[in-house]
Amino acid sequence: MSGLEAIWWRERPGALGALAGAPLLLAEAPFRAAAALRGALYDRGVLPAARAGAPVVSIGNLAVGGAGKTPAALAVAARLAARGRRVAILSRGYGAARADARVASDGAGALLPAAEAGDEPALLARRLPGVAVLCGPRRAELARTAVESLGADALVLDDGFQHRALARDLDVVVLDASNPFGNGHLLPRGPNREPPSALRRAGLVWLSHADRAAPERLEALRALARDATGRAPVESRHAPTALLDGALREAGALEALRGRRVAALSGLARPAGFLRTLEALGAEVALARAFPDHHRFTEGELEAVLREAAAAGCAWVVTTEKDAVRLEPALAAAAADRLRVVRVDAELLRGADVLEAALDAALAAPQPRPAPRAPVA
């Protein structure tokens, strides 16, 4: 964890943390004011929100990174597809080499690599082979393409709570129940893009890592969710579901990690959760190498970690599926036997009925016709 992240995610930073973060307080005030102004302009219709012509379910969060948004997006998209809907996911494509609009997956087998699509779209496309995944900065344009060109009749807006240029029929906000707001400050003093009061815009709160939250905190978050949305929250845990090799092929049972000496490799916003997962699976984590969130591993970096792991007597270098899709295919194939990948899914602990009811209401919402496209000059 970097120095800045340590300031962000420690709820009680102590005297040294408060002193180190003091200069950032000056920058927090204008960020807060700008976020409030932008929100007010959308609330009053000064800034318009485009209609997609199909139901839109947004999956977002208040804090930057690490809340468990991608497993929630996977679960929601899968539930919509199980209803017989033709689903498309709209993603920003963070970490991609390209910034233009593009189809990461058409839902029929065509896939872009993570270097072009971004790691989250690449993972979503791989895990949901019948679902289209589109990425780019202008999600309203992606929505129109998904509906008009790909025939989508249900859209999932990934990381969309603050992306208000596209109207949505349900806003799902994911909070990490074990540490939902970090130090409580907005960017750049803290990790939050908006204050907890913004949950009043949400239709449903999703508490990830509910199994890691203290009972009193969980009760407080349940009350916050009910007060903000009128609904009880969905609660989930990150459940390991499969063990893969470096080429993302099945590599035996998760029990193979038990008692095994391993090295952990990650490029996540909050890597501590991954280490806890490995330990819960019975692995002995002999060394851990954590890179910045969305980091694209080079051949030299991967080889260095593999050498360190071998020197430390580790059987494998273990990483997450989100990290594995960022590896160049040739690198991953060459190191397939020395790499293991833990797949994680959102396992619902409470609130499955609440989620189903919220999705039913979103799908039944009237869909105004989108405005016609502007003519091309």
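Annotations for the structure displayed:
- For the chain, the mean residue ellipticity at 222 nm estimated from helices alone is -11000 deg cm²/dmol, where every DSSP H run of n ≥ 4 contributes -39500 (n - 2.57) and the total is divided by all residues, rounded to the nearest 500.
- Whether region 8-167 is rounded, prolate or oblate, judged on the alpha carbon gyration tensor where a/c under 1.5 counts as rounded: prolate
- Beta bridges assigned by DSSP with both partners in region 172-322 are antiparallel in approximately 5 percent of cases.
- Oblate is the label for region 49-101, because the ratio a/c of its alpha-carbon gyration tensor axes (a ≥ b ≥ c) is 1.5 or higher and a/b is not greater than b/c.
- With every protein chain in place, region 204-285: carbon and sulfur % of accessible area (1.4 Å): 50 percent
- Between residue 280 and residue 212, the modelled labels are 0.8 nm apart [label points 7 Å from Cα along Cα→Cβ].
- When the surface is traced with a 1.4 Å probe over the full set of protein chains, residue 149 keeps roughly 90 Å² accessible.
- Each label was represented as a point 7 Å from its Cα along the Cα-to-Cβ direction; for residue 361 and residue 256 these points are 4.5 nm apart.
- Here residue 255 sits with roughly 130 square angstrom of accessible surface, probe radius 1.4 Å.
- Nearest-10 value in Å² for the accessible area of residue 345, using the 1.4 Å probe: 40 Å²
- Put 8, 206 in order of accessible area, highest first, and with a 1.4 Å probe you get 8, 206.
- Of the peptides 61-69, 336-344, the order by per-residue mean of other Cβ atoms within 10 Å, starting with the highest, comes out as 61-69, 336-344.
- Net charge contributed by nearby residues that have their C-beta within less than 14 Å of residue 151 (K/R +1, D/E -1): 0
- Among 55, 30, 137: highest mean-square fluctuation, GNM of the chain, C-alpha pairs under 10 Å: 30
- Candidates 48, 60, 122 compared by Cα position along the dipole of the chain: farthest toward the positive end lies 48, with charges placed on Cβ.
- Global geometry of region 336-375, whether rounded, prolate or oblate, following the gyration tensor of its Cα atoms and the 1.5 cut on a/c: oblate
- Net lengthening on full extension, residue 38/residue 369 (0.36 nm per residue, minus Cα-Cα): 116.6 nm
- Candidates 276, 168, 189, ranked by Gaussian network fluctuation over the chain, Cα under 10 Å, top entry: 276
- Net charge of the neighbourhood of residue 132, taken over other residues with C-beta under 10 Å away and scored Lys/Arg +1, Asp/Glu -1, is 0.
- Potential lengthening between residue 347 and residue 301 on full extension [0.36 nm per residue; Cα-Cα distance subtracted]: 13.3 nm
The values are calculated or read from the model by the stated rules, or taken from the named source; none is laboratory data. This structure is a prediction, so every number in the text was calculated from the model and none was measured. Note that each Cβ is placed from the backbone with ideal geometry, even for glycine, and that neighbours are counted across all protein chains shown. The protein model used for the area step is the full one, side chains on, heavy atoms only, and it has no ligands, DNA or RNA in it. Shrake-Rupley method; radii C 1.70, N 1.55, O 1.52, S 1.80 Å.
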